[in-house]
1. Per residue, how much accessible area does the chain have with a 1.4 Å probe, in Å²?
2. Relative to the compact globular guide of 2.2 N^0.38 Å, what is the alpha carbon radius of gyration of the chain, as a ratio?
3. Heavy atoms only, probe 1.4 Å: what % of the accessible area of segment 31-78 goes to carbon and sulfur, would you let me know?
4. For the chain, what is the mean residue ellipticity at 222 nm derived from helices alone (per DSSP H run of n ≥ 4: -39500 (n - 2.57); sum divided by total residues; nearest 500 deg cm²/dmol)?
5. With all protein chains present and a 1.4 Å probe, how do Ile24, Ile9 order by accessible area, largest first?
6. Using heavy-atom solvent-accessible surface (probe 1.4 Å) with all chains present, what is the largest-first order of Leu3, Leu61, Leu43?
7. Accessible area of Ser59, 1.4 Å probe, to the nearest 10 Å²?
Amino acid sequence: MTLVAALLINVLYAFIIVMFIRIIFSWISPYPTNVVTRFAYRLTEPVLAPIRRLLPPMSGLDLSPLVVWLVAIVLIQFLGSLH
């Protein structure tokens with residue numbers, strides 16, 4: 001069980017890093033055919049889109065990455081307690 005928990009924790013950390021890359025790219029708007037940009041969007045959009053539908057932008061800010069980040073941190077803490 002601890003091996004599975006450790007693997008899930010690492011996957012969640014990697015997802016958080018990719019999500020932060022996507023956030024930074026949304027600020028600097030790189031060329032849309034950039035491989036890294038497309039990878040970040042393809043990986044994070046299936047998770048962010050349902051939350052974005054439930055939580056519309058507030059004052060022009062997309063808060064869905066914040067929600068995903070908080071959920072990921074809570075899951076990491078929970079899985080870390082299983083060790």
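The values are calculated or read from the model by the stated rules, or taken from the named source; none is laboratory data. In this text the structure is predicted, and so the values were computed from the model without any measurement. The area values use the complete protein model at the heavy-atom level, side chains included, leaving out ligands, DNA and RNA. Shrake-Rupley method; radii C 1.70, N 1.55, O 1.52, S 1.80 Å.
1. On the way: 5930 Å² over 83 residues.
Spelled out: the 1.4 Å probe surface of the chain, per residue, equals 71 Å².
2. 1.21
3. On the way: 2630 of 3510 Å².
Roughly 75 percent of what the probe reaches on segment 31-78 is carbon or sulfur.
4. Values: 3 runs with 65 residues, N = 83.
Only helices count here, giving -27500 deg cm²/dmol.
5. Values: Ile24 85, Ile9 20 Å².
The ordering from most to least exposed comes out as Ile24, Ile9.
6. On the way: Leu3 140, Leu61 110, Leu43 75 Å².
So the residues, ranked largest to smallest area, are Leu3, Leu61, Leu43.
7. Roll a 1.4 Å probe over it and Ser59 shows about 130 Å².
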